[in-house]
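Asks: Please read through the structure below; I'll follow up with questions.
The values are calculated or read from the model by the stated rules, or taken from the named source; none is laboratory data. Predicted model only: the values in this text are computed from it and were never measured. Quick reminder, even Gly has a Cβ in these numbers, built from the backbone with ideal geometry, and neighbours come from all protein chains shown. Accessible surface is based on the protein model in full, side chains and every heavy atom, while ligands, DNA and RNA are left aside. Shrake-Rupley method; radii C 1.70, N 1.55, O 1.52, S 1.80 Å.
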Amino acid sequence: MSLDHSTNYSEFELELENRIRNLMWTVSGNYGLNEKADLEAFKISKYIAMYDAIWKGALAKYFDRNAISLYIAKKLYLGASEALLFEAVALCGEAASYKKAIGERPGVEAIRSQAFDDLLDLSYDRLSNTTAGRIRLAMIRYYLTGETRTYKSLQQACETIASIEHAQTALEIIAAIDALYNGSFDKDFELKHGDLGSVLDVSIAELRQSSLWSDIFDDEIYQNFDQAVENISSAVMGISTLTEEDKASRKASQARVIINEEALAKAHQYIEINYGTSYLSQRETQRIENAVCKGMHQGYGLHFTEGVLHSDGPNNYQRKYITRQHEKNMMVFYDNYRLVRKNIAILTSFIKNEMELHDQAETRITQRGMLVPHRVWRVGRTNDPKLFRQTVAHGSYGFVVDVLIDGSGSQNKRQSKVALQSYIISEALSNVKIPHRVASFCSFWSHTIIRRFRDYGDPREMNSRVLEFSASSNNRDGLAIMAIVESLLKREEENKILIVLSDGRPNDININNPYSVSSELYTGNAAIADTAHQVRFARASGISVLGVFTGKEEDLQAEKKIFGNDFAYIRDIDNFSKLVGLYLKKQLDNLL
Amino acid sequence: MDIKGQEVRAYLEGHNIKPELIDMVIGFRERYSLDESISNRVAVPQSNYYGTEVWEMAIAALLRGENILLSGPKATGKNVLAENLSYVFNRPSYNMSFHVNTDSSSLIGTDTFEDGMVKLRKGPVYLCALHGGFGIFDEINMAKNDAVSVLHSTLDFRRIIDIPGYEKIVLHEAARFIGTMNYGYVGTKELNEALVSRFLVVEMPAVTEETLIRIISEAFPDLTASALEQFCGLFLDLQLKANNGEITTKPVDLRGLMASIKTIQIGLMPASAIKMGITNKTFDSFERDIIDDAVLTRIPNDWKPGDVFRS
């Protein structure tokens, strides 16, 4: 699989963002801070970005950052220029927090000097073009050399900033920001909109009505005030040392991202309603997506859920459909109860025998251990002290199995059958106490939904959830296998087995995903090749992959391409266990 | 009371342990004398365990003849406490590191051939029973449950070891067992109920700033105040980071931190020392960057050993 440059780059950016955020978290000690990291600055200089994160972290630690954010929101509401106000916030915020940060962490001083040096080296020209930039340069000179004299026009501003070096409250910082903004950046503001008092007098109700913050005060989502303020904080604290032009272009790019995110959020909401809420945190999901959504799958997403029946949500069509299918499966299960029991017993004994065979301990003749009577004659007659037998156990404890079921629409007619087969495997594995996970996959829009019926460590009772299996939509087999393999590889057991029940028809073309980088459609040979590739990858990583073919005879060739010779073709549920057992035995043979 | 007893009394008083408990510990020491031949097995603690409540729980349990299981994450002082207990009670300690292949023969003993005779090669549990020692089961949950089940009769009220072909041994009255476990390490297993029920479980609290300062300043008395503050701060920063799932627990390594400080003592630059002891404990390059950044805010690159130690 070839990774194109852009994949690497965005992954790198994500890691970078994470790194800068971590620095902010380290300094503030508050891992709930959700501020944008300044990646642009990092590309210019590592130290500028690091220092930016440090002072913001310190500001959040030592001052009431929500008070400052609220002030910013109000000032913007009254018509202040966003870019200029953020310049003022950056200058004052940094001035108020750096001494405290250095007091706690002596290493900050070196990072700060390095950041200033880099700013002077790399951005001197750019900075000297604007008032804010000139003030910053004057401040840097003051910080580095202690020189307080500067141009007359900047003197006042610099004094204001320097005056809050020992600030104790957020209000002092706010006053300085306001003075700096009104005094140097926008001299008409006070005349037009009033002084600090009138800014602070703006009520939350007024903010709520303003188009600027209406998203954040969206009643449905953020009903409590604290949450809204927290969101303002996140929104306004994306401040950086960039100039107005940079800001403008950045804003444009941010706007684009927001639309995407909105659309994605909607899709996400829809998926949650129809397939159930995710059991992974957003960040964890994103981490897995970054790891597996590559190549053909770039731009596609994953959703890990336990299904709608196990999450809250409206009683919609999907819920009713799955409930009905569950009932159907149960009926088929009751009708075939004896057959299923028989199959479970057969499969259990198959696996058990095989494991016991390999479980037999090896014995060695050694110098200590259990005495072997027929070797005792050697005592006094030879110098060979090997009179004992020692057993070396070969642990069979190291097994873990993943069962992955194709839950796409093409399995529609066989839903109950597939559910029963999976249930048989799950029960047999529980009988021999092998930890295993059962999940189905299908794709919806740009997301592949992994629906987990039971997790590795779940108790036996959870096996019956497998009977909730239902099929719909498309299937992106390769991506689903990658997602499962990703977590299977993390298991500590030495012997890992993946059983895939599918019909040999990977197919995901209904939706034209605008984010997809790959122009290839996921169907036919391309999809088969990708799935086969993922199976080979899993095998190369030490996972034993077994295909259980549930489809039609005409797709047999495709199945063969995907799984090589290691797949079981089930014509008839009667001999299901025998066949699967046989192939499983083969896998175990290879593993042990 | 012998000199050592007084020492122990002072030691326990320094940990604010209830006087009644201290009296009983001293009584225990006087009641069970120590054979000269095994006195070298009594642990001499390298560092102190701090935490009055945990101390009292452990002491009370051991005085009443119970075995204890110390459970807690990395760097909570499980082994330090076990060592301290052996010292305080003046009992020889027998350390057994459990692993997947731990079995009855490696714990209790196995036949061997010596001087033309088949003899029992005594295992640490056996010796513990004989000499009234403290058997320390390190990482008890790394072993398979069935391997440990041979100890059931040893650990419960029966207090016996019964090996086929040899006589039944009744445990020495002073013999105790202390298990340690780190729940959730890779490779650890769930302990079964039968085993857990034979222990009183002490949950070891995570190290706090106050204890950390005590531990480090005790090990390195001539550390400067600012260096002490930064080393402790760094450890707590990383601990918080690991608790928030941003990094693994690998770099949250008190042993590594102490070892780094040791190398600074003989002249290594602090930044390099911390790299060896903390940063490089992780092998993921991105994680290393994150840790590096945190270190950089605490330990300036231009710090010299002279900034860390008072000369």
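Asks: Any residue at all in the range A:182-198 that is modelled with pLDDT of 90 or more, in contact with a Cys (Cβ under 7 Å, 6 or more places away or on another chain) and within 22 Å of A:Tyr71 (Cα to Cα)?
Replies: no
Asks: Scan the range B:105-131 residue by residue and report those that are within 11 Å of chain A (Cβ to nearest Cβ), open to solvent by 40 Å² or more (accessible area, probe 1.4 Å) and not basic (Lys, Arg).
Replies: Those that are within 11 Å of chain A (Cβ to nearest Cβ), open to solvent by 40 Å² or more (accessible area, probe 1.4 Å) and not basic (Lys, Arg): B:Ser106, B:Phe113, B:Glu114, B:Asp115, B:Gly116, B:Met117, B:Val118.
Asks: Let me ask you something else. Name every residue in the range A:522-543 that is over 19 Å from A:Tyr300 (Cα atoms) and free of Cβ contacts under 8 Å to residues at least 24 places away in the same chain, in order of residue number.
Replies: Answer for the range A:522-543, where residues must be over 19 Å from A:Tyr300 (Cα atoms) and free of Cβ contacts under 8 Å to residues at least 24 places away in the same chain: A:Asn525, A:Arg536, A:Arg539, A:Ala540.
Asks: Of these, A:Lys43, A:Lys74, which one is assigned to a helix (DSSP H, G or I), surrounded by fewer than 22 Cβ atoms within 10 Å (Cβ to Cβ), away from every other protein chain (no Cβ under 12 Å) and charged (D, E, K, R)?
Replies: Numbers: A:Lys74 fails: surrounded by fewer than 22 Cβ atoms within 10 Å (Cβ to Cβ).
Going through A:Lys43, A:Lys74 in turn, just one is assigned to a helix (DSSP H, G or I), surrounded by fewer than 22 Cβ atoms within 10 Å (Cβ to Cβ), away from every other protein chain (no Cβ under 12 Å) and charged (D, E, K, R): A:Lys43.
Asks: Right, next: Of the residues in the range B:1-40, how many are aliphatic (A, V, I, L, M) and touching a residue at least 60 places away in the same chain (Cβ under 8 Å)?
Replies: Pass one, the range B:1-40, residues aliphatic (A, V, I, L, M): B:1, B:3, B:8, B:10, B:12, B:17, B:21-22, B:24-26, B:34, B:38.
Filter once more, so that each one left must be touching a residue at least 60 places away in the same chain (Cβ under 8 Å): B:8, B:12, B:25, B:38.
Qualifying residue count, the range B:1-40: 4.
Asks: Kindly indicate whether B:Ser197 is exposed (fewer than 14 other Cβ atoms within 10 Å of the Cβ) and of a type in the set (S, T, N, Q). Don't jump to the end; show me each part of the working.
Replies: Numbers: exposed (fewer than 14 other Cβ atoms within 10 Å of the Cβ): yes; of a type in the set (S, T, N, Q): yes.
Yes: the conditions hold for B:Ser197.
Asks: Pick from B:Ala259, B:Ala294, B:Ala271, B:Ala242: which is under 22 Å from the mean Cα position of the chain (by Cα) and within 13 Å of chain A (Cβ to nearest Cβ)? Please lay out each step first, then the result.
Replies: Values: B:Ala259 fails: within 13 Å of chain A (Cβ to nearest Cβ); B:Ala294 fails: under 22 Å from the mean Cα position of the chain (by Cα); B:Ala271 fails: under 22 Å from the mean Cα position of the chain (by Cα).
Matching residue, one of B:Ala259, B:Ala294, B:Ala271, B:Ala242: B:Ala242.
Asks: Something else about it: Name the residues in the range A:350-368 that are within 12 Å of another protein chain (Cβ to nearest Cβ) and modelled with pLDDT under 80, would you?
Replies: A:Ala361
Asks: Go through (1) away from every other protein chain (no Cβ under 14 Å); (2) within 18 Å of the chain's Cα centre (by Cα) one by one and return the number of the condition B:Gly65 breaks.
Replies: Evaluating B:Gly65 over (1) away from every other protein chain (no Cβ under 14 Å); (2) within 18 Å of the chain's Cα centre (by Cα) leaves (2) as the failure.
Asks: Then there's this: Test of understanding: among A:Ser426, A:Ser487, A:Ser443, A:Ser422, which residue is under 22 Å from the mean Cα position of the chain (by Cα) and in a helix (DSSP H, G or I)?
Replies: Working: A:Ser426 fails: under 22 Å from the mean Cα position of the chain (by Cα); A:Ser443 fails: in a helix (DSSP H, G or I); A:Ser422 fails: under 22 Å from the mean Cα position of the chain (by Cα).
Testing whether each residue is under 22 Å from the mean Cα position of the chain (by Cα) and in a helix (DSSP H, G or I) leaves just A:Ser487.
Asks: While we're on this one: Kindly list the number of the only condition in (1) more than 12 Å from chain A (Cβ to nearest Cβ); (2) among the β-branched types (Val, Ile, Thr); (3) open to solvent by less than 70 Å² (accessible area, probe 1.4 Å) that fails for B:Ile247.
Replies: (1)
Asks: Next question. Return the pairs, sorted by first residue and then second, in which the second residue is of a type in the set (Phe, Trp, Tyr) and open to solvent by 30 Å² or more (accessible area, probe 1.4 Å), the first residue lies in the range A:95-115 and is facing chain B (nearest Cβ under 7 Å) and over 13 Å from A:Leu59 (Cβ atoms), the beta carbons are less than 6 Å apart, and the residues are 6+ apart or on different chains.
Replies: From residues that are facing chain B (nearest Cβ under 7 Å) and over 13 Å from A:Leu59 (Cβ atoms), the pairs are A:Ile111/A:Tyr47.
Asks: Another question, if that's okay. Would you call A:Val400 aliphatic (A, V, I, L, M), open to solvent by less than 40 Å² (accessible area, probe 1.4 Å) and more than 14 Å from chain B (Cβ to nearest Cβ)?
Replies: When the stated conditions are applied, A:Val400 does not pass them.
Asks: Could you say which residue among A:Asn18, A:Asn34, A:Asn8 is modelled with pLDDT of 75 or more and either surrounded by fewer than 20 Cβ atoms within 10 Å (Cβ to Cβ) or not in a helix (DSSP H, G or I) (or both)? I'd like the intermediate steps shown before the answer.
Replies: Numbers: A:Asn34 fails: modelled with pLDDT of 75 or more; A:Asn8 fails: modelled with pLDDT of 75 or more.
Selected residue: A:Asn18, the only one of A:Asn18, A:Asn34, A:Asn8 that is modelled with pLDDT of 75 or more and either surrounded by fewer than 20 Cβ atoms within 10 Å (Cβ to Cβ) or not in a helix (DSSP H, G or I) (or both).
Asks: Condition check: touching a helix residue (DSSP H, G or I) at 6+ places or on another chain (Cβ under 6 Å), of a type in the set (D, E, K, R) and within 13 Å of chain B (Cβ to nearest Cβ). Does A:Asp384 satisfy that? Don't jump to the end; show me each part of the working.
Replies: Values: touching a helix residue (DSSP H, G or I) at 6+ places or on another chain (Cβ under 6 Å): yes; of a type in the set (D, E, K, R): yes; within 13 Å of chain B (Cβ to nearest Cβ): yes.
Considered against the rule, which asks whether it is touching a helix residue (DSSP H, G or I) at 6+ places or on another chain (Cβ under 6 Å), of a type in the set (D, E, K, R) and within 13 Å of chain B (Cβ to nearest Cβ), A:Asp384 comes out as yes.
Asks: Let me ask something else about it. Looking only at helices (runs of 4 or more DSSP H) that fall completely inside the range A:87-187, which ones have 1 or more residues that are touching a helix residue (DSSP H, G or I) at 6+ places or on another chain (Cβ under 7 Å) and under 18 Å from A:Ile48 (Cα atoms)? Write out each step before concluding.
Replies: Working: elements: A:107-128, A:131-145, A:152-162, A:170-180.
Fully inside the range A:87-187 and qualifying: A:107-128, A:131-145.
Asks: Let me ask something additional. Would you pick out the residues in the range B:92-104 that are open to solvent by 20 Å² or more (accessible area, probe 1.4 Å) and among the hydrophobic types (A, V, I, L, M, F, W, C)?
Replies: Across the range B:92-104, the qualifying residue is only B:Val100.
Asks: Identify, please: which residue in the range A:495-524 is farther than 13 Å from A:Asp406 by Cβ and among the small types (Gly, Ala, Ser) and is, among those, modelled with the lowest pLDDT?
Replies: Among those that are farther than 13 Å from A:Asp406 by Cβ and among the small types (Gly, Ala, Ser), it is A:Ser516.
Asks: Go over the candidates B:Leu228, B:Leu238 one by one and state the one that is buried (at least 19 other Cβ atoms within 10 Å of the Cβ) and outside any loop (DSSP other than H, G, I, E, B). So that I can check it myself, show each step before the final result.
Replies: Values: B:Leu228 fails: buried (at least 19 other Cβ atoms within 10 Å of the Cβ).
Result: B:Leu238 is the single residue among B:Leu228, B:Leu238 that is buried (at least 19 other Cβ atoms within 10 Å of the Cβ) and outside any loop (DSSP other than H, G, I, E, B).
Asks: Please state which one of B:Phe235, B:Phe286, B:Phe309 is among the aromatic types (Phe, Trp, Tyr) and under 23 Å from the mean Cα position of the chain (by Cα). Give the steps one after another, and end with the answer.
Replies: Values: B:Phe286 fails: under 23 Å from the mean Cα position of the chain (by Cα); B:Phe309 fails: under 23 Å from the mean Cα position of the chain (by Cα).
It is B:Phe235.
Asks: Restricting to the range A:464-508, what's the tally of residues that are touching a Phe, Trp or Tyr at 6+ places or on another chain (Cβ under 6 Å), under 25 Å from A:Ser446 (Cβ atoms) and open to solvent by 20 Å² or more (accessible area, probe 1.4 Å)?
Replies: 1
Asks: Now for a different question. Filter the range B:65-91 down to the residues that are closer than 20 Å to B:Val125 by Cα and open to solvent by 20 Å² or more (accessible area, probe 1.4 Å) and list them by number.
Replies: Of the residues in the range B:65-91, the ones closer than 20 Å to B:Val125 by Cα are B:65-70, B:78-79, B:81-87, B:89-91.
The answer is B:Gly65, B:Glu66, B:Lys78, B:Asn79, B:Glu83, B:Tyr87, B:Asn90.
Asks: A follow-up question, please. In the range A:26-37, what count of residues is obtained for those that are in contact (Cβ under 8 Å) with a residue 12 or more places away in the chain and facing chain B (nearest Cβ under 7 Å)?
Replies: Of the residues in the range A:26-37, 3 are in contact (Cβ under 8 Å) with a residue 12 or more places away in the chain and facing chain B (nearest Cβ under 7 Å).
Asks: Kindly indicate whether A:Lys386 is more than 22 Å from A:Ala471 (Cβ to Cβ), open to solvent by 30 Å² or more (accessible area, probe 1.4 Å) and under 34 Å from the mean Cα position of the chain (by Cα). Full working, then the answer.
Replies: On the way: more than 22 Å from A:Ala471 (Cβ to Cβ): yes; open to solvent by 30 Å² or more (accessible area, probe 1.4 Å): yes; under 34 Å from the mean Cα position of the chain (by Cα): no.
Judged against the criteria, A:Lys386 is not a match.
Asks: Between A:Ala88, A:Ala110, A:Ala167, A:Ala115, which is in contact with a Pro (Cβ under 8 Å, 6 or more places away or on another chain), modelled with pLDDT of 85 or more and on the phi < 0 side of the Ramachandran plot? Walk me through how you get there before you give the answer.
Replies: Details: A:Ala88 fails: in contact with a Pro (Cβ under 8 Å, 6 or more places away or on another chain); A:Ala167 fails: in contact with a Pro (Cβ under 8 Å, 6 or more places away or on another chain); A:Ala115 fails: in contact with a Pro (Cβ under 8 Å, 6 or more places away or on another chain).
Unique residue meeting the criteria: A:Ala110.
Asks: Going by what's in this entry, would B:Leu254 be described as more than 9 Å from chain A (Cβ to nearest Cβ), open to solvent by 10 Å² or more (accessible area, probe 1.4 Å) and among the aliphatic types (A, V, I, L, M)? Give the steps one after another, and end with the answer.
Replies: Numbers: more than 9 Å from chain A (Cβ to nearest Cβ): yes; open to solvent by 10 Å² or more (accessible area, probe 1.4 Å): yes; among the aliphatic types (A, V, I, L, M): yes.
Spelling it out, B:Leu254 is indeed more than 9 Å from chain A (Cβ to nearest Cβ), open to solvent by 10 Å² or more (accessible area, probe 1.4 Å) and among the aliphatic types (A, V, I, L, M).
Asks: Within 14 Å of chain A (Cβ to nearest Cβ), modelled with pLDDT of 90 or more and either more than 25 Å from B:Gly72 (Cα to Cα) or touching a strand residue (DSSP E or B) at 6+ places or on another chain (Cβ under 6 Å) (or both), is that true of B:Pro221? So that I can check it myself, show each step before the final result.
Replies: Details: within 14 Å of chain A (Cβ to nearest Cβ): no; modelled with pLDDT of 90 or more: yes; either more than 25 Å from B:Gly72 (Cα to Cα) or touching a strand residue (DSSP E or B) at 6+ places or on another chain (Cβ under 6 Å) (or both): yes.
It is false that B:Pro221 is within 14 Å of chain A (Cβ to nearest Cβ), modelled with pLDDT of 90 or more and either more than 25 Å from B:Gly72 (Cα to Cα) or touching a strand residue (DSSP E or B) at 6+ places or on another chain (Cβ under 6 Å) (or both).
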